[in-house]
1. Collect the residues in region 32-46 that are touching a helix residue (DSSP H, G or I) at 6+ places or on another chain (Cβ under 8 Å) and more than 15 Å from Ala21 (Cα to Cα), keeping them in residue-number order.
2. Among the residues of region 57-92, which ones are surrounded by 15 or more Cβ atoms within 10 Å (Cβ to Cβ) and either of a type in the set (Val, Ile, Thr) or in a loop (DSSP other than H, G, I, E, B) (or both)?
3. Sort through Glu53, Glu12 and tell me the only one that's among the acidic types (Asp, Glu) and within 30 Å of Arg102 (Cβ to Cβ).
4. Would you tally the residues in region 18-47 being touching an Asp or Glu at 6+ places or on another chain (Cβ under 8 Å) and of a type in the set (D, E, K, R)?
5. Against the conditions (1) in contact (Cβ under 8 Å) with a residue 40 or more places away in the chain; (2) touching a helix residue (DSSP H, G or I) at 6+ places or on another chain (Cβ under 9 Å), where does Asp51 fall short? Just the number, please.
6. Is one or more of the residues making up region 21-42 under 21 Å from the mean Cα position of the chain (by Cα), over 23 Å from Arg130 (Cα atoms), surrounded by 14 or more Cβ atoms within 10 Å (Cβ to Cβ) and touching a residue at least 12 places away in the same chain (Cβ under 8 Å)?
7. Of the numbered conditions (1) farther than 30 Å from Ala40 by Cβ; (2) within 27 Å of the chain's Cα centre (by Cα), Lys55 fails exactly one; give the number of that condition.
8. Restricted to region 93-140, and to residues that are of a type in the set (Asp, Glu) and either in a helix (DSSP H, G or I) or modelled with pLDDT of 95 or more (or both), which residue is surrounded by the fewest Cβ atoms within 10 Å (Cβ to Cβ)?
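The values are calculated or read from the model by the stated rules, or taken from the named source; none is laboratory data. Note that the structure is predicted; figures quoted are calculated from it, not measured. All Cβ positions, even for glycine, are placed from backbone atoms using ideal geometry, and neighbour counts span all protein chains on display.
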Amino acid sequence: MIDFSDAQVFVEKCFDEMQEASLNKYDADKADRTAALFLAAQMKMSFWIEDVEMKAKNAKNEITRIEGEKYFDYKTENSDKKVTENMVASYVAKDADIVRTRRECAAYESELKKLNYILGTLKDSHIYFRNLSKNKTWQE
């Protein structure tokens, strides 16, 4: 398993290189190494994304589990009363555990979306820096 604990450091280095390339003429010799840096960052990002995606899926499963548990509890506690399905659904939806888990799931899904966007940017930037390094060869 690849250690992706330093993925954020790699991404920050990549963004620094993009910043430099956007402000000044970029050294074509350095561009080849920079393209390799972007590939390494993509690899680490893919493991980071996998981790966050697993957490998001587990959070969704946890929501389903808690909803089932709360539904069962409410139905058994109020078996003598006439309770509509809408009442039970409302009771379950407002439960603190459900609300907390839904927030957690939403945070994971939001992070996942952001990481996928960053991964796309890293891919495009890798191509950009590879083209810069090829530019040097074509000019020689």
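1. Residues satisfying the conditions are Leu39, Ala40, Ala41, Gln42, Lys44, Met45, Ser46.
2. Ile63, Ile66, Val88, Val92
3. It is Glu53.
4. Final tally of qualifying residues: 1.
5. (2)
6. No: zero hits.
7. Going through (1) farther than 30 Å from Ala40 by Cβ; (2) within 27 Å of the chain's Cα centre (by Cα) one by one, Lys55 breaks only (1).
8. The extreme case among them is Asp124.
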